[in-house]
């Protein structure tokens, strides 16, 4: 789960690093097979993902851990963080993090 951690004023690089840390924390949660299976059951009505799909999803999630933050995807959050001068992540921002993962998950939902 993404945690809200208000912090002092951060530089642009620090804000990006903060987003990456939060994103990677969420990705690691989904690398736990039980969490991934539960999410697919709830979101896609899949009670079971076959082993092959699971491995492909986990491979893409591991690649995402090493990938840089998609600055276009998170532009609104970065701008808001800059304007507010904090690195606070609210519940309204959680969708951004899940939307990035949905790009991976949706390829294996059918």
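The values are calculated or read from the model by the stated rules, or taken from the named source; none is laboratory data. Predicted model only: the values in this text are computed from it and were never measured. Because the Cβ atoms are built from the backbone with ideal geometry, glycine has one as well, and the counts that use them run over all protein chains shown.
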Of everything in the stretch 32-49, what is closer than 17 Å to residue 107 by Cβ and modelled with pLDDT of 90 or more? Give them in sequence order. 36, 37, 39, 40, 43
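Going by the structure shown, is residue 78 farther than 20 Å from residue 106 by Cα and modelled with pLDDT of 90 or more? Give the steps one after another, and end with the answer.
Details: farther than 20 Å from residue 106 by Cα: yes; modelled with pLDDT of 90 or more: yes.
It is true that residue 78 is farther than 20 Å from residue 106 by Cα and modelled with pLDDT of 90 or more.
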